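A quick write-up on the structure given underneath.
Read-outs: derived from the displayed coordinates by stated rules, not from any lab. Bear in mind that the values here come from a model prediction, so they are computed numbers and not experimental data. Every residue, glycine as well, gets a Cβ built from its backbone with ideal geometry; the counts of neighbours run over all protein chains shown.
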Amino acid sequence: MGKEELLKAVEDALIKLDEGALMKACDDALAGGVEPLEIIEKALTNAMTTIGDLFEKGKMFLPQIMVAADIMKKATAKLEEKIPADQKPEKLGTYVIGTVEGDVHDIGKGVVATLLKVNGFDVYDVGRDTPLQNFVDKAKEVNADIVGASALMTTTMVGQKELIELLKKEGLTCKTMIGGAAPTARWAEKIGADAYAENATEAVEVAKKLVGAE
Ligand code: B12
């Protein structure tokens with residue numbers, strides 16, 4: 001099987017919510033020489049986006065989404081273990097990331113964190129449904145260069161705005177980034193975030209620019 005077919009098999013297995021087939025397809029892709037990151041970034045992320053679309057069209061329901069989220073996390077964890085340890089790039093900066101209070105969505109945030117890590121950022125993940133003060137405390141503790149906040153719902157986007165206000169109030173000068181399904185570049189501008197990124201690949205590019213590495 002070629003690379004595209006191997007990736008497609010991973011994507012299809014996740015959309016079908018077939019955990020056994022998904023794990024096997026991941027193994028097959030790895031054995032076929034596909035990089036673990038590419039499997040996460042392309043196949044798994046695409047599948048989850050499709051699942052999101054199916055949910056929005058009423059063709060998939062919440063219990064199925066929960067299964068999808070669960071098996072995607074298992075597959076991601078397995079693939080992360082396969083990222084070669086010698087792929088340690090030069091350290092670019094320190095990044096604190098989390099999903100704001102009231103919001104339990106953490107799949108995309110997890111993908112962003114993984115990609116930042118393998119690209120040279122020291123990443124501190126403060127989790128999901130995280131009180132804003134926790135972002136601030138962690139940023140102070142690790143002297144963060146960037147704080148990134150994820151929000152997937154229109155109701156929780158306001159947490160990103162409040163986080164930026166709180167960081168400023170507490171005198172932190174780190175850069176801020178926002179992302180997630182609900183926010184936009186326009187929202188980022190409106191709330192005074194330094195940057196918005198639409199997906200994990202873009203998040204890495206933007207983060208590198210913010211720390212002056214590109
Ligand atoms: C999976 C999912 C769930 C799972 C979450 C599991 C988990 N552990 O994450 C479960 C089933 C728990 C869930 C629950 C709910 N969900 Co939900 N969920 C989704 C779904 C289908 C997919 C989200 C996802 O994982 N996408 C795949 C990832 C890879 O993409 P992503 O998150 O967008 O992340 C990418 C980018 O956004 C970006 N990014 C993400 N974070 C960050 C952060 C930074 C700093 C940067 C730079 C970039 C970045 O990079 C990522 C990778 O490329 C979306 C539909 C959708 N279209 O988004 C609904 C959706 C987000 N959910 C929704 C809702 C309403 C809910 C519930 C309220 C449902 C309910 N009625 O009970 C609850 C929320 C409870 C709560 N308090 O949070 C709505 C939100 C509507 C809105 N606009 O406000 C959506 C849009 C579905 C819909 N159309 O109704 N959900």
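A compact table of results
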quantity: Count of the stretch 45-69 residues which are within 18 Å of the chain's Cα centre (by Cα) and more than 8 Å from the ligand (Cβ to nearest atom); calculated: 3
quantity: Residue check for ASP125: surrounded by 14 or more Cβ atoms within 10 Å (Cβ to Cβ) and within 13 Å of the ligand (Cβ to nearest atom); calculated: yes
quantity: Residue in the stretch 192-200 that is farther than 20 Å from VAL111 by Cβ, out of contact with any strand residue (DSSP E or B) (no Cβ under 7 Å at 6 or more places or on another chain) and not acidic (Asp, Glu) present; calculated: yes
quantity: Scan of the stretch 28-44 for residues that are in a helix (DSSP H, G or I) and away from the ligand (no atom under 11 Å from the Cβ), ordered by number; calculated: ASP28, ALA29, LEU30, ALA31, PRO36, LEU37, GLU38, ILE39, ALA43
